[in-house]
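> My structure is below; once you've seen it, I'll send some questions.
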Ligand SMILES: [Ca+2]
Ligand SMILES: [Ca+2]
């Protein structure tokens, strides 16, 4: 396996170990970014702060914007964008098991 592929695999492993990409992703309910058990305006605020931020592979290294918040990356694609906002909106008001 080429070095670049290993870096991508390692980045994905980090995301998986952090809970991102696992069933239920990293928040319960999905969209509960601050992990208080409910998807509400506080989560919307956190996502807004991270909106437009991303991680990318540059010169074989994972480089993330300072504002990138992995908790807000609800679909685990290394960018906080409208897809994540759609997920949050779809789950807005959901209550978890905490
Ligand atoms: Ca919350
Ligand atoms: Ca995303």
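> Give the residue that is nearest to residue 87 (Cα to Cα), with candidates limited to residues of the stretch 50-70 that are touching a helix residue (DSSP H, G or I) at 6+ places or on another chain (Cβ under 9 Å) and loosely packed, with under 13 Cβ neighbours inside 10 Å.
Among those residues, the one meeting the criterion is 61.
> Another one. Restricting the first residue to the stretch 83-98 and requiring it to be at positive phi and modelled with pLDDT of 95 or more, which pairs with a second residue that is surrounded by 14 or more Cβ atoms within 10 Å (Cβ to Cβ) and not in a helix (DSSP H, G or I) meet a Cβ separation below 9 Å and a spacing of at least six or different chains?
93/38; 93/39; 93/40
> Could you count how many residues in the stretch 8-31 are within 11 Å of the chain's Cα centre (by Cα) and at pLDDT 80 or above?
2
The values are calculated or read from the model by the stated rules, or taken from the named source; none is laboratory data. None of these values were measured; they are calculated from a predicted model. Heads up, the Cβs are rebuilt from the backbone with ideal geometry, glycines too, and the neighbour counts pull from every protein chain shown.
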